[in-house]
Amino acid sequence: MSYVIEGRTGPWEIVVGLEVHAQVVSQAKLFSGAATAFGAEPNTQVSFVDAGFPGMLPVINEYCVAQAVRTGLGLEAQINLVSRFDRKNYFYADLPNGYQISQFEQPIVGTGKILIEAPGMESREIGITRLHLEQDAGKSMHDQDPTRSMIDLNRAGVALMEIVSEPDMRSPQEAAAYLRKLRTILRYLGTCDGNMEEGSMRADVNVSVRRAGEGYRTRCEIKNVNSIRFVSQAIEVEATRQVAVWEDGGVVDQETRLYDPQRGETRSLRTKEDAHDYRYFPDPDLQPLVISKDWVDGLRAELPELPDAKRDRFVAQFGIAPYDASVLVAEQANAAYFETVAAGRNGKLAAAWVTGELFAALNRLGVGIEASPVKAADLGALLDLIADQTINGRIAKDVFEDMVETGRPPGEIVASRGLRQVTDTGAIDTAVATVLAANGDKVAEYRGGKDKLFGFFVGQVMKAMAGKGNPALVNEALVRALAENV
Amino acid sequence: MSLESATIKKIARLARIGLDEAAVTRLQAELNGIVGWVEQLNEVDVSGLAPLASVSGTTLHLRADVVNDGGDREAVLANAPGREGPFFAVPKVVE
Amino acid sequence: MLTDLSIAGAAEGLRRREFSAVELVDAHLDGIEALNGRLNAYITVVADQARAAARQADGALAGGDVPVLTGIPLAIKDLFCTQGVRTTAASRILGNFIPPYESTVTANLLREGAVFLGKVNLDEFAMGSSNATSAFGPVVSPWTRGDGASLVPGGSSGGSAAAVAAGLAMGATGTDTGGSIRQPAAFTGIAGIKPTYGRCSRWGTIAFASSLDQAGPLARSVEDCAILLGAMAGYDPKDSTSADRAVPDYRSACTRSLRGVRIGIPKEYRPEGLSPEIEAMWESGIAWLREAGCEIVDVSLPHTKYGLATYYIVAPAEASSNLARYDGVRFGERVAGATLDELYENTRAAGFGAEVQRRVLIGTYVLSSGYYDAYYLRAQKVRALILRDFTEAFEKVDALLTPTAPSAAFALGEKMDDPVQMYLNDIFTVPASMAGVPAMSVPAAVDAKGLPLGLQVIGRPWDEEGVLAVSAAIERAAGFAARPTLRAGVGA
């Protein structure tokens, strides 16, 4: 069932496209040798180039170009061997040159695609229109002084990739899935850290609504949304607003809007008419950027395994469900952890433990997998103890909790706590006999045909054996004992 | 094409140059003279030509990703007409 | 007189210890003291710094092997950023801007031992052909024509040209965007070369039109220009348009034989109504080169007439963007405003002079939505045709010979009511700028009023040597010996 907004006059479908600004991971800025580290003291990472001083000229950072190309390759996109930089002219206090160097006519990366998936949703391909390199602006702070704004240029000139999607998304969930998937790919590639709180990934959201089967109606752009959750919310409230406008006989104006998460509404960012004449033209300080096919091929050869490929491999190699595989590959560290656990073991069991017990424990502790108290090798060892029947599944859960608490290896826990599974049939038979003797009435009921009581007996025997009985042997012994006395 | 005074005001606003009415009138005459003169280019047949943005004929050379600049806040702020502590200061921008 | 020496001669004299660098620098500082009040060539004189540098040069000279320009006093166009020395671009908007860096070109000159006397006047942001648009007042040419009128030195490197012609510096840096080295050189009877675009780094030089701006020297002889250019030029990784090419030995090119060199005479440089004196000078030049062994070939550069109009779209467009950084926020003048936009508008209205405002507005207009294709894009296409003209001509000839300017120097106030009339001064110099090819002006004659006229030699891309060789031959044949009325030690 596809997503619709039920209006007064019938259902509306929504159309969403995203423009994501992703800060490139690099040591130095796109056109200067100043540092890019987050959180430095104001104006300490500013060269005269970044501050737009007279006579200063841009020189492009090769690594930033490589990062853009690697990202393009990760999006299965066309790489343009010749691209060009243009100036986007406008005045703002944190834009020192009075123009931003960007790529308007000839971006470095052309059309590509992203495969998105979410629970209960078929996986879908979302088109990428283009990716281009541009400079970030500085930061204006408006709350430090009653009459003035303060300008910090540390961020001015840091490389950004603007990644533009086709208007292919049809629900807030798809938009969220797109952003998550894009962030996963960027993190795999190491081209952007994807940290939306620090602003290293920001989204502009284009939203319109239409009746099924219609062409596109006017869209609005919601600027600078800084979390995936807010993107979903913003789409929903903006689409609902547009439906109301159309249904009331009004017209949606093409405009830029802001999402206010406190009020749960979008509002128009009214700017003066002429503010949008950016007067793009080729930057005469920069020649065309020409890269060779060999260089691109070299970058391609060194790309890491990307999430889709890894997911397919996990499915094939470990026999796990595609959805579990997508969950595991969403974070590179999770995938690596899983691979260590699953190597040479039962993949399904490994997936169940990682996505089940482990994720629950990490969630409870509020830590990421890097800080997991249970190391991947130890979780693997725990699975080995189950496989060779040293412990049974129930005991394994106890052992795991102990591992979470103490960080001790499972073998040590099993040994020191005497949790080794009992496979001695004599001990099991004794326990069975004791349980049956103590529950004569239940035995009679069972023999009278109440089969369901078998589980009760298993439970009692296990309890008597402090959980350590081998479940298969306990079953066998019970079946035998209950049959014998007929 | 003749530039209206509204056009002069619009481009002055884009260029952030404050003009009084007298300046608008003067510039309207001057700019119309210049624009009228450059329109002689309309007689050139430019069909099929690629625009020439640069004569240098070279391509961009690439810099290594090394931090070797910045880090001198005093030098960056020394010429600022409205410095405030570690910042450049401007009249408050209301968003 | 020390102030009459050539750079080549002075360098020789310094090495032989015939005089000291301090004496040489003092002679020039005395000249500046005496004449700058009338010429207004210098905006800033750094006498103490120059004397200190001269003392250092004397020390180095005493020690033996020294770089080529050791102790040679030069004037620096106030468009080159000089570390610790106020740099103005002859604009109010830069206020008391003290660059924390040294431009690559001036750093190269310092590396070769040059001594800077100060920063010389120019048209504001190098926008002009008369040096009348400077916020620091017009430069007056050291030449006079007998009617008592003050003459312009040309522009935009007018302070450079006036200082060199009057002996207030042995040479000067200039920048040339559409003729700003060549036209003032012609107006003041000296030599000046604009090298190939990309030959001199633009780093640290205040930009006017980035795809056209090139630094080059002005000096009283072709050989002196060759020496200075050799020091100024070179690959600079800080300028993405700088060419990674070795700098040839320009000085030796000046004595090269011209036997068999083909010189093109473009018919389009003979517009209706060209002054007979200019035409006669051109004919003399042709004759001199023929005598020097050149083959003279008639050529056509059919799009020459569109050069100026193309230039007056491309250059203002780039300038409108390049000058956006002068906003009163990080450096320079600020005129207060209640809002940020008012601050910008007040600062830029008060900080930029009339010509700069005109060009910024024209540039903004031709790039603005709805007009970009009709003006800017079309101009870029015509520029491609202008380049093609030169490329095709250089398949037939090795260099081109034309007049530098359509007239001799005019008086302050003349041609100043109509911007287009003023722009027409650059009609012969702009095409080479649009094509990025090297071009030089060399003094060739004086007109009936005793004012100098220059010939322009235009060469193939990167062939400054060829340009210098042809120019040196003209210089030898012309025997140009006229000197301006006002000059150090004479006119004061």
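Taken together, the values in this text are just the output of simple stated rules run on the coordinates, not laboratory data. The structure presented is a predicted model; accordingly, all values stated were derived computationally and were not measured. Don't worry about glycine lacking a Cβ; one is built from the backbone with ideal geometry, like all the others, and counts go over all protein chains shown.
What the table below lists for this structure:
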{"quantity": "Other protein chain Cβ atoms within 10 Å, averaged over every residue that makes up C:201-212", "calculated": "4"}
{"quantity": "Environment charge at A:G356 (Cβ cut-off 14 Å; Lys +1, Arg +1, Asp -1, Glu -1)", "calculated": "0"}
{"quantity": "Selected from A:A343, A:L179, A:V69, residue furthest toward positive end of dipole (chain A; charges at beta carbon)", "calculated": "A:A343"}
{"quantity": "Magnitude of the charge dipole, the range A:425-484, Cβ model with Lys/Arg +1 and Asp/Glu -1, debye to 20", "calculated": "160"}
{"quantity": "Between 0 and 90°, nearest 10: helix A:425-438 axis offset from chain A longest Cα axis", "calculated": "80"}
{"quantity": "Shielding by partners - mean other protein chain Cβ count within 10 Å, residues of C:193-199", "calculated": "2"}
{"quantity": "Rounded FRET efficiency, nearest 0.05, which uses the C-beta distance separating A:T111 from A:K348 and R0 of 45 Å", "calculated": "0.75"}
{"quantity": "Helix-derived mean residue ellipticity, 222 nm - over the protein assembly as shown, DSSP H n ≥ 4, -39500 (n - 2.57), to 500", "calculated": "-11500 deg cm²/dmol"}
{"quantity": "Full-stretch length increase - A:T423, A:A444 - with 0.36 nm per residue and alpha-carbon distance subtracted", "calculated": "4.8 nm"}
{"quantity": "Relative contact order for the range A:305-417, counting Cα pairs under 8 Å that sit 6 or more residues apart, in percent", "calculated": "20"}
{"quantity": "Lys/Arg +1, Asp/Glu -1 at C-beta; chain C dipole; positive extreme among C:S300, C:G37, C:G332", "calculated": "C:G332"}
{"quantity": "Inter-centroid distance (Cα atoms) of the range A:21-39 relative to the range C:364-382, Å", "calculated": "34"}
{"quantity": "In degrees, nearest ten, helix B:5-14 long axis to first principal axis of chain B (Cα)", "calculated": "20"}
{"quantity": "Segment A:A377-A:Q262, length gained on full extension (0.36 nm per residue, minus Cα span)", "calculated": "36.9 nm"}
{"quantity": "Value of relative contact order over chain C, rounded to a whole percent, pairs C-alpha under 8 Å and six or more apart", "calculated": "19"}
{"quantity": "Point-to-point label distance, A:A301-A:E247, nm (Cα→Cβ direction, 7 Å offset)", "calculated": "6.0"}
{"quantity": "Segments A:140-153, C:162-175 sorted - mean Cβ within 10 Å per residue, highest first", "calculated": "C:162-175, A:140-153"}
{"quantity": "Whole-angstrom gap from the range A:427-477 to the range C:319-333, using each part's C-alpha centre", "calculated": "89"}
{"quantity": "Cβ-based charge dipole, the range C:1-134, positive-most Cα from C:I7, C:Q56, C:V46", "calculated": "C:V46"}
{"quantity": "Relative contact order (%) - the range A:425-484, alpha-carbon pairs under 8 angstrom, separation at least six", "calculated": "47"}
{"quantity": "Debye, to nearest 20: dipole size of the protein assembly as shown, +1 on Lys, Arg Cβ, -1 on Asp, Glu Cβ", "calculated": "480"}
{"quantity": "Residue-averaged beta-carbon neighbours from other chains (10 angstrom radius) around C:314-320", "calculated": "3"}
{"quantity": "Charge dipole (debye, nearest 20) of chain B; +1 at Cβ of Lys and Arg, -1 at Cβ of Asp and Glu", "calculated": "280"}
{"quantity": "Along chain A, longest interval not containing exposed GluC sites (Glu not before Pro), exposed being DSSP loop plus at most 10 other Cβ atoms within 10 Å", "calculated": "A:1-196"}
{"quantity": "Förster radius 41 Å - calculated FRET efficiency between C:A354 and C:T485 (Cβ-Cβ, nearest 0.05)", "calculated": "0.85"}
{"quantity": "Using a Förster distance of 41 Å, the FRET efficiency for C:M1-C:R259 (Cβ separation, nearest 0.05)", "calculated": "0.65"}
{"quantity": "Whole-Hz ³J(HN,Hα) from phi, Karplus 6.51 cos²θ - 1.76 cosθ + 1.60, for the range A:100-111, glycine and proline x", "calculated": "9, 7, 9, 10, 9, 7, 10, x, 6, 10, x, 6"}
{"quantity": "Charge context of C:G204, other residues only, Cβ under 15 angstrom, K/R +1, D/E -1", "calculated": "0"}
{"quantity": "Among C:176-187, C:76-87, C:310-321, the order from most to least packed when residues are scored by Cβ within 10 Å on average", "calculated": "C:176-187, C:310-321, C:76-87"}
